[in-house]
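The values are calculated or read from the model by the stated rules, or taken from the named source; none is laboratory data. These numbers were taken from a predicted model, which means no experiment stands behind them. A quick note on method: Cβ atoms are made from the backbone with ideal geometry, for glycine too, and the neighbour counts reach across all protein chains shown.
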Ligand SMILES: Cc1ncc(COP(=O)(O)O)c(C=O)c1O
């Protein structure tokens with residue numbers, strides 16, 4: 001029997017934070033509608049419960065012989081194996097290791113590893129749609145970064161064009177060390193053809209690093225085992241906090257032969273075999289050699305638990321379900337007068353996942369996000385989403401007119417207020433009701449734009465603030481009060 005529909009239905013409503021109540025500017029207390037999953041997803045209860053149960057046995061994985069140490073070590077190992085099989089990476093060829101709190105730490109690490117693996121190749125190709133975390137680490141560690149322009153697909157820049165990418169590969173031919181590409185844009189949600197890009201990269205002797213921050217929770221990934229091995233991925237990085245386990249680490253999956261060819265980037269306890277005062281030898285086994293220090297054991301175990309749940313539902317099934325929701329949202333939002341959606345909105349020619357970024361003509365992104373929060377209890381993100389070049393390229397004409405050179409524009413405070421978008425983003429727990437609420441909220445803002453605008457002012461930091469509605473965050477929740485109350489109850 002196919003359990004996917006049942007599991008999906010049960011799990012969708014089993015997240016912490018779906019019932020959080022806030023009082024809106026109109027005095028009504030309503031449930032928060034969380035449409036900021038691209039920034040961070042909510043906590044999957046099954047994973048939370050798994051971590052909580054594990055705490056009964058918590059111990060350091062570097063301890064050896066007591067019961068809890070063995071339990072921790074075994075489950076921590078399982079977490080690595082579980083993730084490797086989730087992304088279809090052959091454990092003989094790939095290692096999984098945890099690093100930092102998100103994708104950023106992993107990308108910095110891979111940039112240094114790839115630099116040292118092919119030291120005579122000094123150029124890195126990144127697309128113009130990358131998050132800063134998949135751009136700046138390559139600039140800092142790996143050499144000269146070339147930004148591959150995007151296609152003017154259907155009148156809106158937004159997509160990778162393989163012909164343009166090939167031209168860039170041709171231009172720098174033997175100098176290109178690797179291509180660093182996001183699997184899914186955190187701005188438009190556009191899905192990139194990473195396996196085609198891998199094939200191209202490998203034909204030119206380059207490696208490929210996939211930024212999977214927006215992929216892992218939303219669509220299937222296949223690291224290797226393609227009928228054409230050129231389509232295999234050399235390294236993938238993603239974030240646990242975007243994969244339904246806030247507080248869990250970043251994940252790196254990388255070819256073992258690359259990692260084994262050099263001393264690990266980070267050294268310390270847990271990754272060495274013999275240490276003398278004048279020398280040391282590094283452990284050969286993975287993941288130990290890549291994980292110096294005591295790791296975030298509960299976070300890693302919780303993440304693997306969430307991934308196990310996603311796999312039991314079926315990630316293809318989840319992808320189809322989310323695609324239907326996003327398609328519906330796109331179709332409704334694009335019909336609203338004065339709304340601009342960024343990137344190609346035809347999902348059959350340009351598949352998307354997780355994010356939709358938009359603006360309402362004549363209203364600043366910050367004002368729209370504030371109204372969505374204050375009057376509709378809808379949590380969205382606004383501004384440039386750590387992808388300045390991509391966002392600015394898509395909005396530049398609207399805010400400064402055509403024919404301007406983006407690099408020469410000074411984004412002063414006034415322009416910053418205009419230069420941005422509103423992003424609604426979805427996760428496994430997002431529902432048709434959420435989409436309906438967003439669509440009717442946007443319609444409401446368009447209809448009452450003047451009324452709403454009069455209720456807000458810009459503060460000195462450039463944020464829109466309500467003139468009279470001023471909720472105090474500490475009254476809504478504070479750890480300090482929580483601990484005080486907790487102690488009183490003891
Ligand atoms: C595509 C993409 N790459 C990288 C990152 C950075 O991830 P983290 O903040 O987990 O390091 C993000 C975060 O939003 C992202 O969306």
task = Can you confirm whether region 251-261 contains a residue that is assigned to a loop (DSSP other than H, G, I, E, B) and farther than 15 Å from residue 105 by Cβ?
result = yes
key: Single unsatisfied condition, residue 192 versus (1) surrounded by fewer than 24 Cβ atoms within 10 Å (Cβ to Cβ); (2) more than 14 Å from the ligand (Cβ to nearest atom)   = (2)
request  = Quick one: count up the residues across region 424-453 that are within 21 Å of the chain's Cα centre (by Cα) and farther than 14 Å from residue 33 by Cβ.
outcome  = 1
request  = Pairs only if they're at least six apart or on different chains, beta carbon under 6 angstrom, first in region 200-223 and more than 17 Å from residue 312 (Cα to Cα), second assigned to a loop (DSSP other than H, G, I, E, B) and modelled with pLDDT under 95; list them, first residue then second.
outcome  = 214/354
inquiry  = What's the total number of residues in region 219-260 that are touching a helix residue (DSSP H, G or I) at 6+ places or on another chain (Cβ under 6 Å) and more than 11 Å from the ligand (Cβ to nearest atom)?
reply    = 11
inquiry  = Return the pair list, or none, for Cβ contacts closer than 6 Å from residues in region 116-130 that are closer than 15 Å to residue 162 by Cβ to residues that are modelled with pLDDT under 95 and in a loop (DSSP other than H, G, I, E, B), at least 6 apart or on different chains.
reply    = 127/160; 128/149; 128/150
query = Within region 284-303, which residues are in contact with a helix residue (DSSP H, G or I) (Cβ under 7 Å, 6 or more places away or on another chain) and outside any loop (DSSP other than H, G, I, E, B)?
reply = 290, 297, 298, 299, 300, 301, 302, 303
remark   = residue 271: passes all of (1) at pLDDT 95 or above; (2) more than 25 Å from residue 12 (Cα to Cα) but (1)
ask   = Has region 317-327 got any residue that is touching a helix residue (DSSP H, G or I) at 6+ places or on another chain (Cβ under 6 Å), modelled with pLDDT of 95 or more, buried (at least 21 other Cβ atoms within 10 Å of the Cβ) and assigned by TED's automatic domain parsing to the domain that holds residue 437?
value = no
message = Criterion first (within 15 Å of the ligand (Cβ to nearest atom) and either touching a residue at least 12 places away in the same chain (Cβ under 8 Å) or at positive phi (or both)) does residue 172 satisfy it?
response = no
remark   = Taking region 343-393 and keeping only residues that are under 17 Å from residue 36 (Cβ atoms), touching a residue at least 40 places away in the same chain (Cβ under 8 Å) and in a loop (DSSP other than H, G, I, E, B), one is left with 353, 354, 377, 380, 385, 386, 387
ask   = Name the pairs whose Cβ atoms lie under 6 Å apart, with the first residue in region 182-195 and more than 10 Å from residue 353 (Cβ to Cβ) and in contact (Cβ under 8 Å) with a residue 60 or more places away in the chain, the second in a strand (DSSP E or B) and within 11 Å of the ligand (Cβ to nearest atom), and 6 or more positions between them or separate chains?
value = 192/181
inquiry  = So in region 370-391, with the set limited to residues that are closer than 11 Å to residue 456 by Cβ and out of contact with any helix residue (DSSP H, G or I) (no Cβ under 8 Å at 6 or more places or on another chain), which one is nearest to the ligand (Cβ to nearest atom)?
reply    = 370
query = For region 18-36, which residues satisfy the criterion of being closer than 21 Å to residue 245 by Cβ and surrounded by fewer than 13 Cβ atoms within 10 Å (Cβ to Cβ)?
reply = 19
Residues of region 59-113 satisfying the condition of being within 16 Å of the ligand (Cβ to nearest atom) and either part of a strand (DSSP E or B) or more than 28 Å from the chain's Cα centre (by Cα) (or both) = 97, 98, 99
